[in-house]
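Visitor: I have a structure I would like to understand better, so I am pasting it below and will then ask my questions one at a time.
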Amino acid sequence: MNRIRIRIPFILIAWVLCIPAALADDAIKIAVGARGNWETAACELGQNAGFFRKRGLVLDLLYTQGSGETQQAVISGSVSIGVGLGTTSVMNAFAKGAPLRAIGNASTGSSEYWYVPANSPLQNMKDAVGRTIAYSTVGASSHLEVLGFLKYYGIDAKPIGTGGTAATLTAVMSGQVDVGWSSPPFGLDAAQAGTIRIIAYGSDLPSFRDQTIRLIVANADYLQQQPAIVRRFIQAYRDSLQWMYSTPDGLAAYSRLAHVPEQTAQQVRDLFYPRDNMLVDHVSGLATVMADGVGFKYLAAPLSQEQLRLLFQIPPPLD
């Protein structure tokens, strides 16, 4: 009898010590391009608002300079998931054997715009003959859009990678680059103040208007090992977007993250990022994406239907 009395406390202690481990949230390393963009804000805003914790997740966020850097982080396995990777770049890497799987749409249609200093003689993209035109990184959507401008307007200009939006603005205002690129909200205040002039929008290119140009991507090995965690992540991402688009609190949270007035935040959301274009499950225009990739010599050949089925593995919704 005494033996039983002695053992019970130890059993209780062991059970209590197991509780934190059982209830602990799963941590995921996430690479995200361009902190402050509406398009890439769902992870940070959703985590702060509790949507990922509700699904038993804690995000370890790494912000990058753009799609290329994000993609390399996912391929190397230093992060499990990347947000905002250029679709053509992902397809190209996947076709070469990179361990990438698309688990959602990050953005359909283009939100980028191109600008010049206020005193520049350039009035539109057609005037950029012989000039330098900025994009973020090789393979990013901004890169393909610049190539698209050259083809669409039939001009001979020099695309040049300039990295993030802040570095690009510095290069433009110091005369190192003729035409800069940006993504809202960055630069809108300078445009409103008359420091820069917007001369082109990515949406000016008809072929980009209904293309899924950026993706949410998982490392293939991680997806195979942790499919339930990835499914919970995507559902929390859906929940975060729903909150961002449908509540004043979501808009106010983005305003604070981006350090812009709520009026500007609403302009960014409603004009540059239509709700349907941000839905995780909305994937469209892949045939055009592949045709452009082949045409710009960034994709050796279109992916087959079998390859597309393997690449795109968007988890179904959770309740």
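Listed here are the residues, each with its yes/no results for (1) touching a helix residue (DSSP H, G or I) at 6+ places or on another chain (Cβ under 7 Å); (2) aliphatic (A, V, I, L, M); (3) buried (at least 24 other Cβ atoms within 10 Å of the Cβ); (4) part of a helix (DSSP H, G or I).
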site: ARG35; (1), (2), (3), (4): no, no, no, no
site: GLU69; (1), (2), (3), (4): no, no, no, yes
site: GLY82; (1), (2), (3), (4): yes, no, yes, no
site: PHE94; (1), (2), (3), (4): yes, no, no, yes
site: SER110; (1), (2), (3), (4): yes, no, yes, no
site: GLY130; (1), (2), (3), (4): no, no, no, no
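Visitor: Has the stretch 159-172 got any residue that is surrounded by 18 or more Cβ atoms within 10 Å (Cβ to Cβ), touching a residue at least 24 places away in the same chain (Cβ under 8 Å), among the polar types (S, T, N, Q) and assigned to a helix (DSSP H, G or I)?
Guide: Looking for residues that are surrounded by 18 or more Cβ atoms within 10 Å (Cβ to Cβ), touching a residue at least 24 places away in the same chain (Cβ under 8 Å), among the polar types (S, T, N, Q) and assigned to a helix (DSSP H, G or I), one finds at least one in the stretch 159-172, hence yes.
Visitor: Could you tell me whether any residue of the stretch 13-29 is open to solvent by less than 10 Å² (accessible area, probe 1.4 Å) and at pLDDT below 95? Before the answer, list the steps.
Guide: Looking only at the stretch 13-29, we keep the residues that are open to solvent by less than 10 Å² (accessible area, probe 1.4 Å), and these are 28.
Filter again for at pLDDT below 95, leaving none.
Checked the stretch 13-29: no residue is open to solvent by less than 10 Å² (accessible area, probe 1.4 Å) and at pLDDT below 95.
Visitor: Follow-up. Any residue in the stretch 218-230 that is modelled with pLDDT of 95 or more, open to solvent by less than 10 Å² (accessible area, probe 1.4 Å) and either touching a Cys at 6+ places or on another chain (Cβ under 8 Å) or not small (Gly, Ala, Ser) (or both)?
Guide: At the first step, the residues of the stretch 218-230 found to be modelled with pLDDT of 95 or more are 218-230.
Filter once more, so that each one left must be open to solvent by less than 10 Å² (accessible area, probe 1.4 Å): 218, 230.
Checking which are either touching a Cys at 6+ places or on another chain (Cβ under 8 Å) or not small (Gly, Ala, Ser) (or both) leaves us with 230.
Yes, because at least one residue in the stretch 218-230 is modelled with pLDDT of 95 or more, open to solvent by less than 10 Å² (accessible area, probe 1.4 Å) and either touching a Cys at 6+ places or on another chain (Cβ under 8 Å) or not small (Gly, Ala, Ser) (or both).
Visitor: Can we say SER78 is outside any strand (DSSP E or B) and either at pLDDT 95 or above or under 19 Å from GLN224 (Cα atoms) (or both)?
Guide: Numbers: outside any strand (DSSP E or B): yes; either at pLDDT 95 or above or under 19 Å from GLN224 (Cα atoms) (or both): yes.
Criteria met by SER78.
Rundown of residues vs (1) within 28 Å of PRO317 (Cβ to Cβ); (2) touching a Lys or Arg at 6+ places or on another chain (Cβ under 6 Å); (3) free of Cβ contacts under 8 Å to residues at least 60 places away in the same chain, yes/no style:
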{"site": "SER67", "(1), (2), (3)": "yes, no, no"}
{"site": "VAL90", "(1), (2), (3)": "yes, no, no"}
{"site": "ALA98", "(1), (2), (3)": "yes, no, yes"}
{"site": "ILE103", "(1), (2), (3)": "yes, no, no"}
{"site": "GLY109", "(1), (2), (3)": "yes, yes, no"}
{"site": "GLU112", "(1), (2), (3)": "no, no, no"}
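Visitor: Give me the pairs: first residue in the stretch 264-291 and under 19 Å from TYR237 (Cα atoms), second residue open to solvent by 60 Å² or more (accessible area, probe 1.4 Å) and assigned to a helix (DSSP H, G or I), beta-carbon distance under 7 Å, and six or more apart or on different chains, which are they?
Guide: From residues that are under 19 Å from TYR237 (Cα atoms), the pairs are HIS282/ASP276.
Visitor: Consider the stretch 189-207. How many of its residues are among the hydrophobic types (A, V, I, L, M, F, W, C) and open to solvent by less than 10 Å² (accessible area, probe 1.4 Å)? Spell out the reasoning first.
Guide: We begin by selecting, within the stretch 189-207, every residue among the hydrophobic types (A, V, I, L, M, F, W, C); these are 190-191, 193, 196, 198-200, 205.
Filter once more, keeping what is open to solvent by less than 10 Å² (accessible area, probe 1.4 Å): 196, 200, 205.
Residues flagged as among the hydrophobic types (A, V, I, L, M, F, W, C) and open to solvent by less than 10 Å² (accessible area, probe 1.4 Å) within the stretch 189-207 amount to 3.
Visitor: Taking helices (runs of 4 or more DSSP H) that fall entirely within the stretch 231-287, which contain at least 1 residues that are open to solvent by 40 Å² or more (accessible area, probe 1.4 Å) and of a type in the set (Lys, Arg)? Walk me through it before giving the result.
Guide: Values: elements: 248-258, 262-267, 275-278.
Where helices (runs of 4 or more DSSP H) fall fully within the stretch 231-287 and carry at least 1 residues being open to solvent by 40 Å² or more (accessible area, probe 1.4 Å) and of a type in the set (Lys, Arg), they are 248-258, 275-278.
The values are calculated or read from the model by the stated rules, or taken from the named source; none is laboratory data. If you're wondering where the values come from, they're calculated on a predicted model, not measured in any experiment. Neighbour counts run over all protein chains shown; Cβ positions are idealised from the backbone, glycine included. Calculation scope for accessible area: heavy atoms of the full protein, side chains included, ligands and nucleic acids excluded. Shrake-Rupley method; radii C 1.70, N 1.55, O 1.52, S 1.80 Å.
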